[in-house]
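Let me begin by presenting the structure, written as structure tokens, before commenting on it.
The values are calculated or read from the model by the stated rules, or taken from the named source; none is laboratory data. No experiment lies behind these values; they were computed from the predicted model shown. Here the Cβ is made from the backbone with ideal geometry for all residues, glycine too, and neighbour counts use every protein chain on show.
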Amino acid sequence: MARRLECIYQKLYSSFGSQRWWPADTPFEVMTGAILTQNTSWLNVEKAINNLKKHKLLQPHKLYILSHKRLASLIRPAGYYNIKAKRLKNFLRFFIKHYEGSVKKMSRIATPCLRQQLLSVNGIGPETADSILLYALNKPVFVVDAYTKRVLLRHRFISADADYDKIQNLFMKNLKRGVKLFNEYHALLVKLGKEFCLKNKPRCGICPLK
């Protein structure tokens, strides 16, 4: 299994090169983006993030004291803006209460403990929590998303009923743990899913993994 996973990584890296993901200026921007990207495209998230930047509000304490109505209006391009404003506020409350809005303080906590804390925040599920851990805090945790599951299912690595933890463990147990590898591998799978392993009409004939 380890050899097969390594082979996929090498093929994708040779085809696509480094993805330089997550595109953000600060770790807090990554955290915000991880919440806003739920159920929407990254293009829409960028619009919402740019709105916050334009108004100089992309800071924990500034966003926390912002009214729900104002926050929702600014992140409207990301879709489900009322729900996401509430989820963002929930995260900000946790982030400020426990870590004073400091990424540095948060990053000192052991990964298993911090993951459980994040999952206890209403509106943050495994994918969002792990995205924050890996991309904002440089913790060696593999992020699983719909693209990952689709690729693995079509290449018969997993069964259709495989859950998040089972898919994550497939990578965590068979690859050498490392932030750089997990970051790049996940980003490459996302690119494959977006451009070749499409939900409908996959481009199997020209897929880098054929």
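Things to note:
- Index of the failed condition, ARG115 passing every other in (1) touching a residue at least 24 places away in the same chain (Cβ under 8 Å); (2) of a type in the set (D, E, K, R); (3) farther than 25 Å from ALA85 by Cβ: (3)
- Test set (1) outside any loop (DSSP other than H, G, I, E, B); (2) of a type in the set (A, V, I, L, M); (3) surrounded by 13 or more Cβ atoms within 10 Å (Cβ to Cβ) - ILE109 fails condition number: (1)
- Against the test of being assigned to a loop (DSSP other than H, G, I, E, B), modelled with pLDDT of 95 or more and not aliphatic (A, V, I, L, M), the options ASN200, ASN169, ASN138 yield a single qualifying residue, ASN138.
- Taking first residues from the stretch 135-160 that are over 26 Å from ALA110 (Cα atoms) and partners that are crowded, with 19+ Cβ neighbours inside 10 Å and among the basic types (Lys, Arg), the Cβ contacts under 8 Å between residues at least 6 apart in sequence or on separate chains come to ILE158/LYS149.
- Residue within the stretch 60-72 that is at pLDDT 95 or above, in contact with a Pro (Cβ under 7 Å, 6 or more places away or on another chain) and part of a helix (DSSP H, G or I) present: no
- Each residue in the stretch 1-39 was checked for being closer than 14 Å to ASN183 by Cβ, assigned to a loop (DSSP other than H, G, I, E, B) and not small (Gly, Ala, Ser), and 5 of them qualify.
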